[in-house]
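In what follows, a structure is listed as structure tokens, so that the remarks can point back to it.
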Amino acid sequence: MSYKNYILVCGGTGCESSKADAIYKSILQQLEKRGLSKEAQVVKTGCFGFCEKGPIVKVLPDESFYVKVTPDDAQEIVAEHIEKGRKVERLLYNNTASKEHTKIDDLDFYQKQFRIVLRNCGFINPEDISEYIARDGYLALEKVLFEMKPEDVINELKTAGLRGRGGAGFATWMKWNFTKDVKEDQKYIVCNADEGDPGAYMDRSTLEGDPHSILEAMAIAGHTVGANQGYIYIRAEYPLAINRLKIAINQARENGLLGKDILGSGFDFDIEIRLGAGAFVCGEETALLASLEGKRGMPIPRPPFPAVKGLWGKPTVINNVETYASVPVIIAKGGKWFASIGTETSKGTKVFALTGKINNSGLIEVPMGTTLREIIYDIGGGIPGGKKFKAVQTGGPSGGVITADYLDTPIDYENLQKLGSIMGSGGMIVMDEDDCMVDVTKFYLEFTVDESCGKCAPCRIGGRQLHTLVEKVTKGTAEEKDIKKMRQLSHAMRKASLCGLGQTAPNPVISTLTYFEDEYMTHIRDGKCPARKCTDLLSFSILPDKCIGCGLCAKKCPVNAITGEKRQAHGIDSALCIKCGECEQVCKFNAVIRE
């Protein structure tokens, strides 16, 4: 059945948490109530990417882009747009130039993006295989099965220059070729969907919005290297992605695209889902394989590498979600097409989760070589409240900070490494002038210390010691010689840790010391936090001319450090104050200040 309108409702986790499902159901109810069910079809899609403006509803064919939609807006959308053909002006996205846009490609957030991995997210119903097939889904698998030899696939990937998007950037063709050349009776294909970086949700959104692209790519990998079994290792905290993967796998089996004799080619390949418990270390491939085998997730020394000896001792290809999502497009459009995008050494696109102090937070995909300035200011819309940009953390807890001096650096694997950071899986957290770099470093160290498996001493002991040293700085008890200790300890951890977690855990320390050593020294020498974030170095006071004596701060103070008569200016007893900041948070008149 053809419809006059198609109403696409964002069904990613972010929008779902903001009542997107209720919006979807309300629109259905309104269509039925008004007898318009044959006029418009409602489709729940994956993530549109523009998370800052969610929940999002897009109406086709005119591509009206409605933002911050609520269930109560459903009636107006149906009554005005669907029934009367009039756009709901108040819900349309409005850019900084006060020009109303109705087409997604016209939005400033999308103009510099180029979607390969996210090509279907926000466009199709991820729970309907026919919609994936309608957008050329599984054509690449058919091409591989009937028109290409395994060597042809390897050469196409080599021409494309696709590198692993999970962090290390290893050449995908080379990894597949290692496994292909090993003579074994059993081989495996594994998808690493154990995304654990704080603020990162690239893989989750891809799986939620386009699960079949991963299944197709894994089947292509299986045929190429001679494997007949695949596993998707995904953390249990991703229930929506898991559910949509289960639906996709069942649909692929029903349509002869997984299982025995795929498309009558004689090739057998099936996929199973394995749930992880959310351990960050299981993002490391040998720890992931140990967990997949039912063991404790701990890394082992390499070589041999998993491509030669991996799951249950058999050759295993491991790639992350984003890497696999690029494969069908490369096969369909050719390696040369993919290689025409990006830089000389980093081809194609990269997906980033743009978060932090940014106006337009969300999921973006840009060509390799796009500058940080373009990402932060053109796509991200700059820093909220007119604040000054301070730094951006790339690569999550394993990465480093990049300052304003390098905003025009093209983003690729090599350039980020030169700046003391890494690409990582794609987390990108923006910080402004109000952020303390020492406090940020302590946060990342707390995360890596907590997530360390404890197997090797450099990570288990070194990480804890490094955290203690940074914590001393935030408390005002550190000495200048502690800076030297941090550097020495960081370099020792880099060299001696068993896996990538321990080797990269010191990156935030090394990076912030490189660019913000003066901030560390201000903490140590002056006993002050320039950003006023480290509470141990602060004192709280009340401005008499702003305080109206409402008493709310006194009621919230857990230690009764605030005194004063009603309707009279209050005061804080610094001897009793524990610097919790409750008074500052509840004051409606900005009378409480940090000093």
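Descriptive notes on the structure:
- The residue list Asn177, Asn250 contains one member that is part of a helix (DSSP H, G or I) and free of Cβ contacts under 8 Å to residues at least 12 places away in the same chain, which is Asn250.
- Top-ranked residue in the stretch 505-544 [being acidic (Asp, Glu) and free of Cβ contacts under 8 Å to residues at least 24 places away in the same chain; ranked as farthest from Lys485 (Cα to Cα)]: Asp526
- Any hit, the stretch 107-127, residues being aliphatic (A, V, I, L, M) and at pLDDT below 80: no
- Any pair with Cβ under 7 angstrom, 6 or more apart, that starts in the stretch 441-459 at a residue that is free of Cβ contacts under 8 Å to residues at least 60 places away in the same chain and ends at one that is surrounded by fewer than 19 Cβ atoms within 10 Å (Cβ to Cβ) and assigned to a loop (DSSP other than H, G, I, E, B): none
- Some residue of the stretch 420-427 being of a type outside the set (Asp, Glu) and outside any loop (DSSP other than H, G, I, E, B): yes
- Flag if Ala20 is farther than 30 Å from Glu237 by Cβ, among the small types (Gly, Ala, Ser) and outside the structural domain of Leu363 (by TED's automatic domain parsing): no
- Asp482 surrounded by fewer than 19 Cβ atoms within 10 Å (Cβ to Cβ), touching a Leu at 6+ places or on another chain (Cβ under 8 Å) and either within 21 Å of Pro299 (Cβ to Cβ) or not assigned by TED's automatic domain parsing to the domain that holds Gly49 (or both): yes
- Filter result for Gly169 (of a type outside the set (Val, Ile, Thr), more than 25 Å from the chain's Cα centre (by Cα) and at positive phi): no
- Residues that are in a strand (DSSP E or B) and over 30 Å from Thr355 (Cα atoms) do not occur anywhere in the stretch 233-244.
- Scanning the stretch 399-440 for residues that are within 27 Å of Ser205 (Cβ to Cβ), in contact (Cβ under 8 Å) with a residue 12 or more places away in the chain and polar (S, T, N, Q) turns up Thr409, Ser421, Ser425.
- Test result for Gly400, at pLDDT below 95, crowded, with 18+ Cβ neighbours inside 10 Å and in contact with a strand residue (DSSP E or B) (Cβ under 9 Å, 6 or more places away or on another chain): yes
- Qualifying residue in the stretch 518-529 (condition: of a type in the set (S, T, N, Q), part of a helix (DSSP H, G or I) and buried (at least 22 other Cβ atoms within 10 Å of the Cβ)): no
- If you go through the stretch 18-77 and keep only what is in a helix (DSSP H, G or I), in contact with a Pro (Cβ under 7 Å, 6 or more places away or on another chain) and among the aliphatic types (A, V, I, L, M), you end up with Ala20, Ala22, Ile23.
- Any chance Ala339 is within 22 Å of Lys112 (Cβ to Cβ) and either of a type in the set (Lys, Arg) or touching a residue at least 12 places away in the same chain (Cβ under 8 Å) (or both): yes
- Selection status of Gln488, modelled with pLDDT of 95 or more and among the polar types (S, T, N, Q): yes
- Candidate set: the stretch 540-560, residues that are of a type outside the set (A, V, I, L, M, F, W, C) and not in a loop (DSSP other than H, G, I, E, B); chosen: the one nearest to the chain's Cα centre (by Cα): Lys556
- Any hit, the stretch 343-355, residues being touching a strand residue (DSSP E or B) at 6+ places or on another chain (Cβ under 7 Å), of a type in the set (Val, Ile, Thr) and free of Cβ contacts under 8 Å to residues at least 60 places away in the same chain: no
- Residue, nearest to the chain's Cα centre (by Cα), within the stretch 561-579, restricted to residues that are touching a residue at least 24 places away in the same chain (Cβ under 8 Å) and assigned to a strand (DSSP E or B): Ile572
- Selected residue (only one of Ile82, Ile56 is closer than 26 Å to Ala241 by Cα, in contact with a strand residue (DSSP E or B) (Cβ under 9 Å, 6 or more places away or on another chain) and surrounded by 18 or more Cβ atoms within 10 Å (Cβ to Cβ)): Ile56
- Scanning the stretch 7-46 for residues that are free of Cβ contacts under 8 Å to residues at least 12 places away in the same chain, farther than 15 Å from Val69 by Cβ and of a type in the set (S, T, N, Q) turns up just one, Ser37.
- When the stretch 53-77 is filtered for residues that are within 20 Å of Asn120 (Cα to Cα) and touching a residue at least 40 places away in the same chain (Cβ under 8 Å), the ones remaining, listed by number, are Lys53, Gly54, Pro55, Ile56, Val57, Lys58, Val59, Leu60, Pro61, Asp62, Glu63, Phe65.
- Flag if Asp152 is acidic (Asp, Glu), outside any helix (DSSP H, G or I) and over 30 Å from His81 (Cβ atoms): no
- Selection count where residues are touching a residue at least 24 places away in the same chain (Cβ under 8 Å) and in a helix (DSSP H, G or I), scope the stretch 461-484: 12
- Thr468 vs. criteria modelled with pLDDT of 95 or more, in the same structural domain as Asp518 (by TED's automatic domain parsing), surrounded by 21 or more Cβ atoms within 10 Å (Cβ to Cβ) and not basic (Lys, Arg): no
- In this entry, Thr512 passes the filter for residues that are under 26 Å from the mean Cα position of the chain (by Cα), assigned to a helix (DSSP H, G or I) and not aromatic (Phe, Trp, Tyr).
The values are calculated or read from the model by the stated rules, or taken from the named source; none is laboratory data. For clarity, every value in this text was computed on a predicted model and none was experimentally measured. All Cβ positions, even for glycine, are placed from backbone atoms using ideal geometry, and neighbour counts span all protein chains on display.
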